[in-house]
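The values are calculated or read from the model by the stated rules, or taken from the named source; none is laboratory data. Source: prediction; values computed, not measured. Positions of Cβ are backbone-derived with ideal geometry, glycine not excepted, and every protein chain shown enters the neighbour counts. These area figures cover heavy atoms from the full protein model, side chains too; ligands, DNA and RNA do not enter into them. Shrake-Rupley method; radii C 1.70, N 1.55, O 1.52, S 1.80 Å.
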Amino acid sequence: MHLLMMITLLFAQYDFTIARLKYSGGGDWYSDPSSLPNLLEAINERTTIRAAPREENVEITDPELFQYPYLYMTGHGKVRFSDEDIKILRNYFAAGGFLHADDNYGMDSTFRKEIEKVFPDSPLIELPFNHDIYHCFYEFPNGLPKIHEHDAKPPQGFGMFYDNRLVVFYTYECDLGDGWEDPDVHNDPPEKREDAIKMGINIIVYSLTH
(Lines give C-alpha, C1' and ligand atoms only; values in the text may rest on other atoms or scores of the structure.)
Protein backbone atom coordinates (compact mmCIF):
# COMPACT_ATOMS: atom_id res chain seq x y z
CA MET A 1 0.00 0.00 0.00
CA HIS A 2 1.21 3.51 -0.77
CA LEU A 3 2.89 5.36 2.16
CA LEU A 4 0.23 8.12 2.23
CA MET A 5 -2.54 5.59 2.74
CA MET A 6 -0.54 3.71 5.41
CA ILE A 7 0.00 6.90 7.43
CA THR A 8 -3.71 7.66 7.24
CA LEU A 9 -4.55 4.23 8.68
CA LEU A 10 -2.02 4.58 11.51
CA PHE A 11 -3.66 7.74 12.83
CA ALA A 12 -7.27 6.60 12.38
CA GLN A 13 -9.48 5.47 15.27
CA TYR A 14 -9.93 2.21 13.42
CA ASP A 15 -7.46 0.55 11.08
CA PHE A 16 -10.05 0.24 8.35
CA THR A 17 -13.41 1.40 7.11
CA ILE A 18 -15.21 1.38 3.78
CA ALA A 19 -16.03 4.68 2.11
CA ARG A 20 -19.19 4.47 0.02
CA LEU A 21 -18.80 6.65 -3.06
CA LYS A 22 -21.49 9.25 -3.74
CA TYR A 23 -21.25 9.68 -7.50
CA SER A 24 -23.13 11.84 -10.00
CA GLY A 25 -25.31 10.80 -12.92
CA GLY A 26 -28.51 9.74 -11.20
CA GLY A 27 -27.65 6.26 -9.96
CA ASP A 28 -28.77 5.20 -6.48
CA TRP A 29 -25.34 5.15 -4.85
CA TYR A 30 -27.06 4.62 -1.47
CA SER A 31 -28.70 1.28 -2.32
CA ASP A 32 -28.34 -1.82 -0.11
CA PRO A 33 -28.07 0.17 3.15
CA SER A 34 -27.52 -2.84 5.41
CA SER A 35 -24.82 -4.39 3.24
CA LEU A 36 -21.65 -2.61 4.32
CA PRO A 37 -22.30 -2.73 8.10
CA ASN A 38 -22.78 -6.50 7.76
CA LEU A 39 -19.59 -6.86 5.75
CA LEU A 40 -17.61 -4.74 8.24
CA GLU A 41 -18.96 -6.87 11.09
CA ALA A 42 -17.76 -10.01 9.30
CA ILE A 43 -14.34 -8.44 8.78
CA ASN A 44 -14.06 -7.87 12.54
CA GLU A 45 -15.26 -11.36 13.39
CA ARG A 46 -13.25 -13.34 10.86
CA THR A 47 -9.99 -11.44 10.36
CA THR A 48 -7.45 -9.49 12.42
CA ILE A 49 -8.43 -6.22 10.71
CA ARG A 50 -9.92 -3.65 13.10
CA ALA A 51 -12.89 -2.35 11.17
CA ALA A 52 -15.30 0.46 12.00
CA PRO A 53 -18.94 -0.58 12.61
CA ARG A 54 -20.29 1.53 9.75
CA GLU A 55 -19.12 2.90 6.43
CA GLU A 56 -18.46 6.53 5.60
CA ASN A 57 -20.07 8.36 2.67
CA VAL A 58 -17.75 10.42 0.50
CA GLU A 59 -17.87 12.36 -2.75
CA ILE A 60 -14.91 12.35 -5.11
CA THR A 61 -14.34 16.07 -4.55
CA ASP A 62 -14.40 15.82 -0.73
CA PRO A 63 -11.02 16.77 0.78
CA GLU A 64 -11.16 13.71 3.05
CA LEU A 65 -11.30 11.27 0.11
CA PHE A 66 -7.62 10.43 0.52
CA GLN A 67 -8.21 9.38 4.12
CA TYR A 68 -9.99 6.28 2.84
CA PRO A 69 -7.88 3.67 1.04
CA TYR A 70 -10.96 1.61 0.13
CA LEU A 71 -13.90 2.94 -1.88
CA TYR A 72 -17.08 1.04 -2.68
CA MET A 73 -19.71 2.02 -5.20
CA THR A 74 -22.91 0.37 -6.30
CA GLY A 75 -26.30 1.23 -7.80
CA HIS A 76 -28.82 0.55 -10.54
CA GLY A 77 -28.58 3.74 -12.59
CA LYS A 78 -26.21 6.00 -14.48
CA VAL A 79 -22.71 6.98 -13.41
CA ARG A 80 -21.04 10.22 -14.44
CA PHE A 81 -17.55 11.50 -13.61
CA SER A 82 -16.69 15.14 -14.31
CA ASP A 83 -13.28 16.17 -15.61
CA GLU A 84 -12.37 17.15 -12.05
CA ASP A 85 -13.59 13.77 -10.74
CA ILE A 86 -11.39 11.97 -13.25
CA LYS A 87 -8.31 13.96 -12.28
CA ILE A 88 -8.92 13.35 -8.56
CA LEU A 89 -9.53 9.63 -9.06
CA ARG A 90 -6.33 9.35 -11.07
CA ASN A 91 -4.40 10.94 -8.19
CA TYR A 92 -6.26 8.82 -5.63
CA PHE A 93 -5.30 5.57 -7.33
CA ALA A 94 -1.71 6.77 -7.82
CA ALA A 95 -1.58 7.43 -4.05
CA GLY A 96 -2.55 3.84 -3.26
CA GLY A 97 -6.35 3.96 -3.27
CA PHE A 98 -8.61 1.08 -4.31
CA LEU A 99 -12.16 0.97 -5.68
CA HIS A 100 -14.59 -1.94 -5.61
CA ALA A 101 -17.46 -1.21 -8.02
CA ASP A 102 -20.39 -3.62 -7.63
CA ASP A 103 -23.06 -3.47 -10.33
CA ASN A 104 -26.46 -3.70 -8.69
CA TYR A 105 -27.94 -4.27 -12.14
CA GLY A 106 -28.13 -1.15 -14.26
CA MET A 107 -24.91 0.83 -13.93
CA ASP A 108 -22.77 -1.32 -16.23
CA SER A 109 -22.77 0.61 -19.49
CA THR A 110 -22.11 4.02 -17.97
CA PHE A 111 -19.66 2.81 -15.32
CA ARG A 112 -17.39 1.13 -17.88
CA LYS A 113 -17.38 4.24 -20.03
CA GLU A 114 -16.65 6.59 -17.15
CA ILE A 115 -14.01 4.57 -15.30
CA GLU A 116 -11.96 4.02 -18.44
CA LYS A 117 -11.56 7.79 -18.73
CA VAL A 118 -9.37 7.64 -15.63
CA PHE A 119 -6.66 5.52 -17.25
CA PRO A 120 -7.46 5.33 -20.99
CA ASP A 121 -4.36 3.23 -21.63
CA SER A 122 -5.35 0.65 -19.02
CA PRO A 123 -8.87 -0.58 -19.81
CA LEU A 124 -10.86 -3.00 -17.68
CA ILE A 125 -9.84 -6.60 -18.27
CA GLU A 126 -11.40 -9.79 -16.96
CA LEU A 127 -9.27 -11.30 -14.21
CA PRO A 128 -8.37 -15.00 -14.51
CA PHE A 129 -9.65 -17.40 -11.89
CA ASN A 130 -6.12 -17.91 -10.57
CA HIS A 131 -5.79 -14.24 -9.61
CA ASP A 132 -4.94 -13.69 -5.94
CA ILE A 133 -8.17 -11.81 -5.26
CA TYR A 134 -9.98 -15.16 -5.50
CA HIS A 135 -7.55 -16.97 -3.19
CA CYS A 136 -6.05 -14.50 -0.68
CA PHE A 137 -8.30 -15.49 2.27
CA TYR A 138 -11.06 -17.80 1.06
CA GLU A 139 -10.83 -20.03 -1.99
CA PHE A 140 -12.94 -19.23 -5.05
CA PRO A 141 -11.48 -21.55 -7.71
CA ASN A 142 -14.20 -20.58 -10.21
CA GLY A 143 -14.05 -16.85 -9.65
CA LEU A 144 -16.95 -14.77 -8.41
CA PRO A 145 -20.02 -16.41 -6.88
CA LYS A 146 -23.37 -15.82 -8.54
CA ILE A 147 -25.61 -14.14 -5.95
CA HIS A 148 -28.51 -12.80 -8.06
CA GLU A 149 -29.56 -13.92 -11.51
CA HIS A 150 -30.27 -10.64 -13.34
CA ASP A 151 -29.65 -11.58 -17.00
CA ALA A 152 -28.60 -15.13 -16.10
CA LYS A 153 -25.09 -14.41 -17.36
CA PRO A 154 -22.05 -15.82 -15.55
CA PRO A 155 -20.52 -13.46 -12.99
CA GLN A 156 -17.36 -11.70 -14.10
CA GLY A 157 -14.66 -9.83 -12.24
CA PHE A 158 -12.87 -7.07 -14.15
CA GLY A 159 -9.78 -5.19 -13.09
CA MET A 160 -8.06 -1.93 -13.95
CA PHE A 161 -4.36 -1.59 -13.23
CA TYR A 162 -2.08 1.33 -12.46
CA ASP A 163 1.67 0.73 -12.36
CA ASN A 164 1.03 -3.04 -12.31
CA ARG A 165 -1.25 -2.71 -9.26
CA LEU A 166 -4.95 -3.56 -9.27
CA VAL A 167 -6.73 -0.31 -8.41
CA VAL A 168 -10.29 -1.04 -9.58
CA PHE A 169 -12.16 -4.32 -9.15
CA TYR A 170 -15.52 -4.41 -10.92
CA THR A 171 -17.98 -7.18 -10.06
CA TYR A 172 -20.52 -7.70 -12.84
CA GLU A 173 -23.58 -10.03 -12.97
CA CYS A 174 -22.78 -11.00 -9.41
CA ASP A 175 -24.37 -8.45 -7.01
CA LEU A 176 -22.33 -9.07 -3.88
CA GLY A 177 -23.98 -6.12 -2.12
CA ASP A 178 -27.38 -7.78 -2.20
CA GLY A 179 -25.83 -10.86 -0.62
CA TRP A 180 -24.39 -8.77 2.23
CA GLU A 181 -27.78 -7.29 3.13
CA ASP A 182 -29.86 -8.43 6.11
CA PRO A 183 -31.36 -11.91 5.46
CA ASP A 184 -34.96 -10.69 5.19
CA VAL A 185 -34.23 -8.11 2.48
CA HIS A 186 -33.79 -10.49 -0.44
CA ASN A 187 -34.43 -13.84 1.25
CA ASP A 188 -31.22 -15.25 -0.18
CA PRO A 189 -30.35 -18.74 1.06
CA PRO A 190 -27.63 -18.86 3.74
CA GLU A 191 -25.08 -20.37 1.36
CA LYS A 192 -25.49 -17.46 -1.07
CA ARG A 193 -25.04 -14.91 1.70
CA GLU A 194 -22.01 -16.80 2.98
CA ASP A 195 -20.41 -16.81 -0.47
CA ALA A 196 -21.05 -13.08 -0.79
CA ILE A 197 -19.50 -12.30 2.60
CA LYS A 198 -16.47 -14.48 1.91
CA MET A 199 -15.85 -12.81 -1.44
CA GLY A 200 -16.26 -9.38 0.12
CA ILE A 201 -13.64 -10.27 2.71
CA ASN A 202 -11.31 -11.46 -0.04
CA ILE A 203 -11.58 -8.14 -1.86
CA ILE A 204 -10.81 -6.15 1.27
CA VAL A 205 -7.92 -8.40 2.34
CA TYR A 206 -6.48 -8.28 -1.15
CA SER A 207 -6.68 -4.47 -1.32
CA LEU A 208 -4.84 -4.10 2.01
CA THR A 209 -2.09 -6.61 1.27
CA HIS A 210 -1.16 -6.00 -2.36
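Derived scalar couplings between HN and Hα for the range 78-94 equal 6, 10, 9, 10, 6, 4, 5, 4, 4, 5, 5, 4, 4, 5, 4, 5, 5 Hz in order, rounded to whole Hz, by the Karplus curve 6.51 cos²θ - 1.76 cosθ + 1.60 (θ = phi - 60°), x for Gly and Pro. If R0 is taken as 30 Å, the Cβ-Cβ distance between E191 and R90 corresponds to a FRET efficiency of 0.15. Among the listed pairs K117/K146; K78/K153; K117/K198; K113/K146; K113/K198, those whose Cα-Cα separation exceeds 26 Å are K117/K146; K117/K198; K113/K198. Per residue, the accessible area of the range 66-210 comes to 42 Å² when a 1.4 Å probe rolls over the protein heavy atoms.
What does the charge count around G143 come to, taking other residues whose C-beta lies under 14 Å from its C-beta (Lys +1, Arg +1, Asp -1, Glu -1)?
On the way: positive: K146, K153, K198; negative: E126, D132, E139, E173, D195.
With Lys, Arg at +1 and Asp, Glu at -1, the neighbours total -2.
Nearest 5 percent is fine: what portion of the DSSP beta bridges confined to the chain is antiparallel?
Working: 10 of 27 bridges.
Taking every DSSP beta bridge within the chain, about 35 percent pair in antiparallel fashion.
Of K78, K22, the residue with the largest accessible area leads and the full order is K78, K22 (1.4 Å probe).
Averaging the Cα positions of each part gives two centres, and for the range 164-208 and the range 70-118 these lie 18 Å apart.
Considering only alpha-carbon pairs that sit under 8 angstrom and 6 or more positions apart, the relative contact order computed for the chain is 22 percent.
Taking the accessible area of the range 59-171, probe 1.4 Å, and keeping the other protein chains in place, the carbon and sulfur fraction comes to 49%.
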